[in-house]
Amino acid sequence: MAVIDIRNLEVGFDTPEGKVQAVNGINLSVDRGECIGIVGESGSGKSQTFMAAMGLLARNGTARGEILFQGEQILGLGSRALNRIRGNAMSMIFQDPMTALTPHLRIGDQLTEVLTTHKGLGKRAAAARAVAMLEQVRIPEPARRMRQYPHELSGGMRQRVMIAMALLCEPELLIADEPTTALDVTVQAQVLSLMRDLKDRLNTALVLITHDLGVVAGLADRVMVMYAGLVVEEGPVETIFTDPRHPYTQGLLNSMPRIDRAGEERLTAIPGQPPNLQRLPSGCAFRPRCAYAFERCEQERPELEDIAPGRRKACHRERLEAVS
Ligand SMILES: Nc1ncnc2c1ncn2[C@@H]1O[C@H](COP(=O)(O)OP(=O)(O)O)[C@@H](O)[C@H]1O
Ligand code: SF4
Ligand SMILES: [Mg+2]
């Protein structure tokens, strides 16, 4: 059984200007010990997909579809039932560490609370385990850090505290939303290797949300590329890098620096802007930015279809050869 199984998920927001459809029918499942990378530019619906799973949508948001966590439908559960799962069997690392940390509580109290509420540990045992976890996330002087407040730590340290907190309960599913975006390159690599360690050691199912394909390269098994609330391509991580089949995936790759291609080609940004979700173009949402667009793309929205074992894409073009 998959740890999480998301079926036909739709997330919409009511706004004064009308409905914003942020997630438009997503299917996704993640097994134990598997890491799936979710990539796409800002605004493509990555975070809201998992905010819906956590039951943390903004008040103006509604979700439809199914979200099965270890076989149990959790979409629409009340906060009391969700609190049994959240921060326990299912944890999320948010893009901004301050979302997860309470400013007026010492680091130690926040970390141990996770263990006393969810794991029934006594205070002393919880503190010992928290210090050990801070060590595991390579925070120097963990005992001293326990007595500090979030604002006394650097951004990188706070991020690691949040990672420590998310992992303390040894969740079945860890959702990491842009976990390294705010960190410098060295700390970034350190945090990613930590997440890899923990996935391998505890067999945690991992969802890695990022706008940066470089981040998924070393960690994800499978990659799902999102655009305008839709999945446009999906496949094993190697194929996404060596043989992208969707023009958007290709665009993301061409705009990203790659060590294996240093000096070979210039970086090219994807032309245009991410779409306005309230005014999506007819047919394929990527059409205004796509060098391969043809008539059919204007008339018909491409469905996500199997193109090879384990690979799917939503594009009317079978092959992406140069267009003259
Ligand atoms: N509370 C909200 N009200 C209206 N629109 C929202 C709200 N929250 C998110 N959105 C919209 O949902 C879209 C997808 O957001 P998100 O999932 O956060 O994107 P990503 O994580 O891929 O950058 C964005 O265009 C955003 O404007
Ligand atoms: S369906 Fe058409 S517009 Fe959309 S990505 Fe494919 S070729 Fe481009
Ligand atoms: Mg996001």
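The values are calculated or read from the model by the stated rules, or taken from the named source; none is laboratory data. Remember, it's a predicted structure, so these values are computed and weren't measured experimentally. No Cβ is skipped: glycine too gets one built from the backbone with ideal geometry, and neighbour counts run over all protein chains shown. Each accessible area value is taken on the protein alone, full model and side chains, heavy atoms only, with ligands, DNA and RNA left out. Shrake-Rupley method; radii C 1.70, N 1.55, O 1.52, S 1.80 Å.
A few notes on this one:
- Residue count for the range 47-64, restricted to those that are near ligand 1 (Cβ under 7 Å from one of its atoms) and assigned to a loop (DSSP other than H, G, I, E, B): 2.
- Pairs linking a residue in the range 235-250 that is farther than 9 Å from R222 by Cα to a residue that is part of a helix (DSSP H, G or I) and within 16 Å of ligand 1 (Cβ to nearest atom), with Cβ atoms under 7 Å and 6 or more positions apart or on different chains, do not occur.
- Long-range neighbours under 9 Å by Cβ, at least six apart or interchain, first residue outside any helix (DSSP H, G or I) within the range 129-148, second modelled with pLDDT of 90 or more and basic (K, R): I139/R145; R147/R106; Q148/R106
- Wholly enclosed helices (runs of 4 or more DSSP H) of the range 222-318 bearing at least 1 residues closer than 19 Å to N27 by Cβ, within 16 Å of ligand 2 (Cβ to nearest atom) and in the same structural domain as I26 (by TED's automatic domain parsing): 237-242, 247-254
- Selected residue (only one of R201, R196, R138, R147 is under 29 Å from S29 (Cβ atoms), open to solvent by 70 Å² or more (accessible area, probe 1.4 Å) and more than 19 Å from the chain's Cα centre (by Cα)): R201
- Residue in the range 153-175 that is assigned to a helix (DSSP H, G or I) and open to solvent by 70 Å² or more (accessible area, probe 1.4 Å) present: no
- Qualifying residue in the range 68-79 (condition: surrounded by 20 or more Cβ atoms within 10 Å (Cβ to Cβ), touching a helix residue (DSSP H, G or I) at 6+ places or on another chain (Cβ under 9 Å) and on the phi > 0 side of the Ramachandran plot): no
- Condition met for E10 (within 16 Å of ligand 2 (Cβ to nearest atom), among the charged types (D, E, K, R) and touching a residue at least 12 places away in the same chain (Cβ under 8 Å)): no
- Residue that is least open to solvent (accessible area, probe 1.4 Å), among those in the range 270-324 that are aromatic (F, W, Y) and more than 24 Å from the chain's Cα centre (by Cα): Y292
- In the range 37-47 there is at least one residue that is of a type in the set (D, E, K, R) and crowded, with 21+ Cβ neighbours inside 10 Å.
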